[in-house]
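Asker: Please read through the structure below; I'll follow up with questions.
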Amino acid sequence: MIQVLPDHVVVDIGYKSEGTIPLDEFGRGEDGKPPVKAGDKVDVLLERCEDEEGMIVLSKEKADKLKVWDEISKACEKNELVEGMIVARVKGGLSVDIGVKAFLPGSQVDLRPVRNLDRLIGQKFEFKIIKFNKRRGNIVLSRRVLLEKEREALKSETLKKLKPGAVLPGIVKNITEYGAFVDLGGIDGLLHITDMSWGRVNHPNELFSVGDEINVMVLKFDSETERVSLGLKQINEDPWTHADEKYQVGIKVSGKVVSLTDYGAFVELEEGIEGLIHISEMSWTKRVKHPSKMVAVGDEVEAIVLDIDSSNKRISLGMKQVEPNPWTLIEEKYPVGSVIQGRIRNITDFGVFIGIEEGIDGLVHISDISWTQRIKHPSQLFKKGDEVESIVLHIDPENERFSLGIKQLSEDPWNRIPDKYPPGTKVKGSVIKVTEFGAFVEIEKGIEGLIHISELSQDRVEDPHQVVKEGDAIEVMVLDVDPEERRIALSVKSLQLSKDDDYQQYLERQGDGRVSLGEALASKGIDMQDLAEEKDESAEQTAAADAPSEAAPVESSPAEEEPAEEAAAEEEPAEEAAAEEKPVEETAAEEKPAEEAAAEEKPAEETAADETVTEENDDN
């Protein structure tokens with residue numbers, strides 16, 4: 001260089017005249033000035049011998065490019081590597097500056113496809129020239145070829161170390177839902193999600209990121225397929241090994257809620273050890289429909305160890321056991337027989353629930369609401385929110401049941417009924433219901449008795465509706481009282497017969513309101529032995545008949561003749577009493593007198609006559 005001017009440099013190339021080079025071709029230094037001075041030597045390209053001013057036209061830039069092309073050509077011929085910087089992303093790959101612009105295809109960037117090529121811009125790498133055309137100015141590079149060679153060299157070294165149980169360093173190359181692929185040095189291994197931690201892992205990216213350096217244990221290696229199974233948790237001891245000693249039944253523990261299900265919450269006590277708090281173990285008093293009503297994922301909770309099964313890796317925990325059981329206190333606070341007052345919280349078909357304390361309800365069963373009223377549904381008497389008074393009947397802390405009674409607040413009227421209405425007592429009442437087997441009569445409020453169909457009249461009654469109807473005022477006689485079954489048997493017929501002296505005599509002898517069949521017939525002047533002899537004689541005379549006609553027995557009671565009526569009577573306590581236990585008056589009244597029985601029985605002469613007629617018909 002001879003001289004540096006403001007816009008160009010004068011260069012002597014040994015020609016008859018000097019040449020000029022634009023100053024811009026030299027670039028700028030850090031101080032903003034071209035890094036050239038007079039006396040420097042520089043390679044130039046002669047473009048023209050003379051310009052309009054008679055100066056030689058030279059170019060440093062073109063000379064540099066030609067020089068680079070020559071160097072690249074030599075490197076390509078000798079299979080040498082070139083260094084360059086990735087400067088831009090272009091269609092199908094990247095643009096690399098190696099002195100001249102070269103193309104790096106996306107498939108040649110790495111061993112695996114790279115999703116984000118932009119992150120490589122500005123980075124310097126070594127490349128191998130895989131295609132070179134100086135005439136067209138086309139250069140194609142590859143980085144993958146270099147990496148494959150490096151990988152093969154590392155792989156041979158790594159294979160010497162691969163054996164089950166060996167702990168090796170690696171780099172996380174890829175992450176999937178089921179695990180992470182780790183580069184051990186020329187060969188990749190799979191670290192499955194189940195082998196990452198003794199604890200719960202929802203996704204591998206919770207623990208790792210691509211590029212992380214980790215130590216892993218070789219679990220399995222197949223030399224034929226070169227598949228390697230890796231484990232991370234196996235480097236540390238299984239925490240369940242000493243869980244029995246650390247988490248004994250009854251101790252208090254704390255942990256973090258890591259998962260919720262419909263049936264409970266899982267709590268991590270330490271890495272690899274989780275316990276289940278069942279929904280039934282969350283509260284003594286609250287009815288928990290879902291665990292999310294009590295806890296949320298991430299909450300720190302305290303619990304008591306209820307059970308541990310190390311072989312199956314299960315621990316049962318209880319939250320409610322941290323606090324004392326309020327049901328044990330309830331038993332002390334509300335002893336049986338104490339009277340309490342509360343608000344009705346719920347009404348069901350079988351009773352009402354009364355609030356005792358927060359989360360504790362007591363049940364008044366429908367049968368404990370009234371001594372005398374027939375209640376089909378508790379809503380007939382109560383509604384939600386009503387304040388009621390009740391008495392404690394029973395408390396079962398183990399099953400968390402609290403039984404209350406309302407009727408027990410007053411005396412049972414049936415305790416006085418036997419004394420007030422002994423058999424033979426005449427009472428007045430009102431017909432409240434008529435059925436096929438009799439009529440129910442209310443003799444005082446809440447106290448009912450049954451007049452069986454056989455006791456409605458001295459005459460035979462086919463349909464009780466023809467004799468009485470609901471609302472009728474009627475006078476009856478008490479036949480029997482059963483306070484245990486809460487039944488009263490009533491009779492109209494006995495009231496009508498009460499004027500009969502014979503009837504009054506055996507009625508006085510009945511004691512508990514009952515006499516035998518023989519006594520009932522004897523009161524009418526019928527001898528049971530004579531009646532039996534007549535039946536035997538009649539039976540002998542008719543023994544040879546094709547359709548023997550035995551002596552008609554004494555009629556059974558209507559209750560025995562009509563099982564359907566008895567079944568209906570069993571449905572209601574008062575009805576059942578009258579239907580099943582009939583006093584002597586009823587039985588005697590139902591049975592036909594001996595005269596009627598004798599009249600119905602055929603005498604021996606008539607039987608014989610009938611047999612004669614039968615024989616004559618047979619002869620004909």
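The values are calculated or read from the model by the stated rules, or taken from the named source; none is laboratory data. Keep in mind the model is a prediction, meaning the values are calculated, not measured. Neighbour counts are summed over all protein chains in view; Cβ atoms, including those assigned to glycine, are modelled from backbone coordinates with ideal geometry. Areas reflect the complete protein model, heavy atoms only, side chains present, ligands, DNA and RNA absent. Shrake-Rupley method; radii C 1.70, N 1.55, O 1.52, S 1.80 Å.
Asker: Considering the range 358-372 alone, what residues qualify as being surrounded by 12 or more Cβ atoms within 10 Å (Cβ to Cβ) and in contact (Cβ under 8 Å) with a residue 24 or more places away in the chain?
Answerer: If the condition is that a residue be surrounded by 12 or more Cβ atoms within 10 Å (Cβ to Cβ) and in contact (Cβ under 8 Å) with a residue 24 or more places away in the chain, then GLY359, ILE360, ASP361, GLY362, LEU363, VAL364, HIS365, ASP368, ILE369, SER370, TRP371, THR372 are the ones that fit.
Asker: For the range 277-287, check the following and say yes or no: at least one residue is of a type in the set (S, T, N, Q), touching a residue at least 12 places away in the same chain (Cβ under 8 Å) and touching a helix residue (DSSP H, G or I) at 6+ places or on another chain (Cβ under 9 Å).
Answerer: So far as the range 277-287 goes, yes, one or more of its residues are of a type in the set (S, T, N, Q), touching a residue at least 12 places away in the same chain (Cβ under 8 Å) and touching a helix residue (DSSP H, G or I) at 6+ places or on another chain (Cβ under 9 Å).
Asker: Exactly one of these conditions fails for VAL297: (1) farther than 20 Å from ASP361 by Cα; (2) crowded, with 16+ Cβ neighbours inside 10 Å. Give me its number.
Answerer: Condition (2) is where VAL297 drops out.
Asker: So which residues in the range 320-336 are open to solvent by 40 Å² or more (accessible area, probe 1.4 Å) and in a loop (DSSP other than H, G, I, E, B)?
Answerer: Scanning the range 320-336 gives GLU323, PRO324, PRO335, VAL336.
Asker: Among the numbered conditions (1) of a type in the set (A, V, I, L, M, F, W, C); (2) more than 27 Å from VAL210 (Cβ to Cβ); (3) at pLDDT 85 or above, tell me where ILE98 comes up short.
Answerer: (3)
Asker: Going by the structure shown, is LEU317 open to solvent by 90 Å² or more (accessible area, probe 1.4 Å) and within 30 Å of VAL249 (Cβ to Cβ)?
Answerer: So LEU317 does not fit the description; no.
Asker: Restricting to the range 229-265, what's the tally of residues that are touching a residue at least 40 places away in the same chain (Cβ under 8 Å) and in contact with a strand residue (DSSP E or B) (Cβ under 9 Å, 6 or more places away or on another chain)?
Answerer: The total comes to 22.
Asker: Further question: Can you tell me which of ILE347, ILE391, ILE432 is under 39 Å from the mean Cα position of the chain (by Cα), open to solvent by 20 Å² or more (accessible area, probe 1.4 Å), farther than 21 Å from PRO326 by Cα and among the β-branched types (Val, Ile, Thr)?
Answerer: Answer to the selection: ILE347.
Asker: Kindly indicate the residue of the range 203-233 that is out of contact with any helix residue (DSSP H, G or I) (no Cβ under 9 Å at 6 or more places or on another chain) and polar (S, T, N, Q) and also most open to solvent (accessible area, probe 1.4 Å) among those meeting that condition.
Answerer: ASN205
Asker: Going by what's in this entry, would SER283 be described as farther than 21 Å from HIS242 by Cβ and surrounded by fewer than 20 Cβ atoms within 10 Å (Cβ to Cβ)?
Answerer: Yes, satisfied.
Asker: Then there is this: On the given criteria, is GLU270 within 30 Å of ILE235 (Cα to Cα) and in contact with a Pro (Cβ under 9 Å, 6 or more places away or on another chain)?
Answerer: Spelling it out, GLU270 is indeed within 30 Å of ILE235 (Cα to Cα) and in contact with a Pro (Cβ under 9 Å, 6 or more places away or on another chain).
Asker: Of everything in the range 466-484, what is under 56 Å from the mean Cα position of the chain (by Cα) and surrounded by fewer than 14 Cβ atoms within 10 Å (Cβ to Cβ)? Give them in sequence order.
Answerer: Matches in the range 466-484: LYS469, GLU470, GLY471, GLU484.
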